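Quick notes on the structure that follows.
Values in this text are rule-based calculations from the coordinates and carry no lab data. This one's a predicted model, so the numbers in the text were calculated from it and none came from an experiment. When we count neighbours, we look across all protein chains shown, and the Cβ atoms used for this are built from the backbone with ideal geometry, even at glycine.
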Amino acid sequence: MRPPLSPRQRQLLAFIERYIQERGFPPSYEEMRTALKVSSLNGIAEMIAALERKGYIRRQPGKSRAINLQEATTAPPDPLPPSRTCETLPILGAGTAENPLVALLRPRGLISVDSEFFALTGQAWVAALVPDDTMAQEGIRQGDVVIIEQNNQPNNGALVYGFAGEQPFLRRYVESGASFELQSSRRGIAPLRNDGKTPLAIIGIVRGILRRL
């Protein structure tokens, strides 16, 4: 039995099925983004990757619109009642500041998040492992899982996740004049500065934390 899909994944799969039935070929990412009213192509790329991982579609590398439906693609019903559902989020893999999209397209795994505790609406959402103890003074430890709203324009003081060169980071975004720096909660750890010396890329804003006991 195939893994269940989130409501948004089922919506995308149904759109792809209808599109292929009507036109004989799959939709483009832009057509999917418009149909589902998703703010970015990254969100569509994540859902497509999830559909493939769960066995509902198959892609042909290097070919445009190369999405093939697998047999019996109809998604199983959500095992939880409508009043309480789970969203499946990709856990970001390795990436770089120059190419952060790789972390989205090559996740290290999946995690289910109860919608009763996290209102996953609006922007696309992902999860990530906390890479170190730079925010330990705020009770966030290495190995914790953070729930991230994708947004590369955080407000001052936001807790953000991203990449400095090839290294992932979890820091406080602090505006400094016309620029910004990314601060740790631990003494003795220098902030990451947006000074051009080390490329920085912010994936999004941390909205929640999960910890295995």
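Below, the figures for the structure above:
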read-out: For the stretch 166-177, 3J(HN,Hα) per residue [Karplus equation, 6.51 cos²θ - 1.76 cosθ + 1.60, θ = phi - 60°, Hz, x = Gly/Pro]; value: 9, 9, x, 9, 10, 8, 8, 7, 10, 6, 9, x
read-out: Amide H contacts under 5 Å for Ile203, placed H, 5+ residues apart; value: Tyr161, Gly162, Phe163
read-out: Size of charge dipole - the chain - debye, nearest 20, with Cβ of Lys, Arg +1 and Asp, Glu -1, no other charges; value: 340
read-out: Ranked packing of 180-187, 141-148, most packed first, by mean Cβ within 10 Å; value: 141-148, 180-187
read-out: GNM flexibility winner over the chain from Gly177, Gly93, Gly43 (Cα, springs under 10 Å); value: Gly177
read-out: Helical mean residue ellipticity (222 nm; -39500 (n - 2.57) per DSSP H run of 4+; nearest 500) of the chain; value: -6000 deg cm²/dmol
read-out: For Arg212, net neighbour charge (Lys/Arg +1, Asp/Glu -1) across residues whose Cβ lies under 14 Å away; value: +1
read-out: Span-rule helices in the chain, defined as complete DSSP H runs reaching 15 Å or more along the axis (Cα) with Kyte mean at least 0.5; value: 41-53
read-out: For the stretch 87-210, size of Cβ-based charge dipole, Lys and Arg +1, Asp and Glu -1, in debye; value: 280
read-out: Global form of the stretch 7-69, assessed from the alpha-carbon gyration tensor, a/c cut-off 1.5; value: rounded
read-out: Relative contact order (percent, whole number), the stretch 127-213, Cα cutoff 8 Å, 6+ residue spacing; value: 36
read-out: Relative packing of 26-37, 9-20, which averages over residues the other C-beta atoms within 10 Å, highest first; value: 9-20, 26-37
read-out: In Hz, Karplus ³J(HN,Hα) per residue of the stretch 133-145 (6.51, -1.76, 1.60; θ = phi - 60°; x = Gly, Pro); value: 9, 5, 10, 4, 5, 9, x, 9, 10, 4, x, 4, 10
read-out: Sequence-distant residues sharing a close amide H with Leu110 (under 5 Å, placed H); value: Ile91
read-out: nm² value of the averaged projected area, convex hull over the Cα atoms of the chain; value: 13.7
read-out: Cα lying deepest toward the dipole's positive end in the stretch 7-69, options Leu13, Tyr56, Ser40, charges on Cβ; value: Tyr56
read-out: Cα-based equivalent ellipsoid of the stretch 87-210: semi-axis lengths in Å, sorted from largest, via gyration tensor; value: 22, 16, 14
read-out: Distance in nm between pseudo-label sites at Glu30 and Glu138 (7 Å out along the Cβ direction from Cα); value: 3.8
